[in-house]
Amino acid sequence: MNIIFVVFAFLFGAAIGSFLNVIIYRLPLGASIVAPRSFCPHCKKPIPAKENIPILSYILLKGRCSGCGTSISIHYPAIELITGVLFVYFYLRYNISLEFFAYVTFSCALIIISGIDFSFQIIPDVISIPGIFAGLVFQLAKGNFLPALVGAIFGGGLILLIRVVGGKVYKKEVMGMGDVYLTAMIGAFVGWPLIIVAVFLAALTGSILGIIFIVSTRQSRESPIPFGPFLSIGGLGVIVFYSIIIKFFAMLGVYLR
Ligand SMILES: [Zn+2]
């Protein structure tokens, strides 16, 4: 294992993460992704290249705009760091292969969707719907088409069912169509039966963080907590902790593959 390649994978991933930040903040506004240059949302000062280095610039600027001193959201370096770490992880696990490209693409799609859902409470169908097909094509190439198709239909169908039943019971939208497409995309990538584990992990992390939020702020939240980031954690968690999950279920006498 050459450390140079690992460092390169991290730097490349962090640079991609920087681009994902641009997509997260411009896609919902319908703004161009390539132009204009990045600028401070507060004072509109264009960000010069030397202040646009992933992670490092945030540290050197101490998290503040060099023009007006407004603090820069921690989301930016966090997304760059997470993307860099995921690129390293998938490189170490799969080297440069079809799996590597498929899973980094999957990760990038989930990061964009989570970022947009977290900030704007919408899930961009323009990412999730092509993502369903990308997942199916990837699994077809691996000879896993049927589990992927069942995973996509089950995942999307389950959330659709919750949406319809929940809507009738609570008389308001409990799940958006965005969550339906997102879960179908995750189902295509993780396949049947792991999609069940992915949705379970999403519900579990969502509930835990929801409770922490309510306890820490001592208020019940009127607007629903966006579920997209939790579905993403569930989907990515299943891929990253695949062997642990398989072993755990085998211990219970359930063989997932
Ligand atoms: Zn500024």
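Measure nothing but the geometry: give the 0 to 90° angle between the long axis through the Cα atoms of 145-170 and the longest principal axis through the Cα atoms of the chain, rounded to 10°. Taking Cα atoms only, the helix is inclined about 80 degrees.
Only helices enter the 222 nm calculation for the chain: every DSSP H run of n ≥ 4 contributes -39,500 (n - 2.57), and dividing by all residues gives -23000 deg cm²/dmol, rounded to 500.
If Lys and Arg each add +1 and Asp and Glu each add -1, what is the summed charge of the other residues whose beta carbon sits under 14 Å from the beta carbon of Ile162?
Charge balance near Ile162 sits at +1.
About the Cα centre of the chain, what is the dipole size in debye to 20, counting +1 per Lys and Arg Cβ and -1 per Asp and Glu Cβ, all else neutral?
Values: 17 positive and 8 negative charges, 79 e Å.
Charge dipole, the chain, about its Cα centre: 380 debye, nearest 20.
Projecting the Cα positions of Gly253, Val165, Thr205 onto the charge dipole of the chain (unit charges on Cβ atoms of Lys, Arg, Asp and Glu, taken about the Cα centre) puts Thr205 furthest along the positive direction. Result for the chain in a Gaussian network model with C-alpha springs under 10 Å: among Ile127, Ile214, Ile225, the largest mean-square fluctuation is at Ile214. If I model the stretch 151-257 as equal point scatterers sitting on the Cα atoms and use the Debye formula, what is log10 I(q)/I(0) at q = 0.10, 0.11, 0.13 Å⁻¹? Treating every Cα as an identical point scatterer, log10 I(q)/I(0) equals -0.31, -0.38, -0.52.
Scanning residues 5 or more positions from Phe39 or on other chains, those with amide H under 5 Å from its amide H are Ile47, with H placed 1.01 Å from N in the peptide plane. Between helix 177-190 and the chain there is an angle of about 70 degrees, using the helix long axis and the longest principal axis of the Cα atoms. Is the shape of the chain best called rounded, prolate or oblate, per the rule: a/c under 1.5 gives rounded, else a/b larger than b/c gives prolate, else oblate, with a ≥ b ≥ c the square roots of the Cα gyration tensor eigenvalues? Oblate shape, in that a/c is at least 1.5 and b/c is the bigger or equal ratio.
Within the straight-line cut-off of under 26 Å between alpha carbons, the lysines reachable from Lys247 are Lys142, sequence neighbours fewer than 8 places apart in one chain being disregarded.
With +1 assigned to the C-beta of every Lys and Arg and -1 to the C-beta of every Asp and Glu, and no other charges, what is the dipole magnitude of the stretch 1-95 about the Cα centre in debye, to the nearest 20? Could the numbers behind the result be given before it?
Working: 8 positive and 2 negative charges, 51 e Å.
I would put it at about 240 debye.
Near the amide H of Arg64, within less than 5 Å, lie the amide hydrogens of Ile72, all on another chain or at least 5 residues away, with H placed in the peptide plane.
If you run the Gaussian network model on the chain, springs between alpha carbon atoms under 10 Å, then out of Ile55, Ile212, Ile33 the most flexible one is Ile212.
If the convex hull of the alpha-carbon atoms of the stretch 1-101 is projected onto planes in all directions, what is the mean projected area in square nanometres?
Here the figure is 7.3 nm², rounded to one decimal.
Across the chain, the relative contact order, built from alpha-carbon pairs under 8 Å that are at least six residues apart, equals 16 percent. Taking only Cα atoms and a 10 Å spring cutoff, compute GNM fluctuations for the chain and point out the largest among Ser18, Ser114, Ser207. Among Ser18, Ser114, Ser207, the largest mean-square fluctuation in the Gaussian network model of the chain belongs to Ser207. Since only Val238, Val7, Ala134 are under comparison, the one whose Cα sits farthest along the positive direction of the charge dipole of the chain, derived from C-beta charges on Lys, Arg, Asp and Glu, is Val7.
Only the coordinates and a few stated rules stand behind these numbers; no lab work does. All figures in this text were calculated on a predicted structure; none of them were measured in a lab. In this analysis, Cβ positions are derived from the backbone assuming ideal geometry, glycine residues included, and neighbour counts consider all displayed protein chains.
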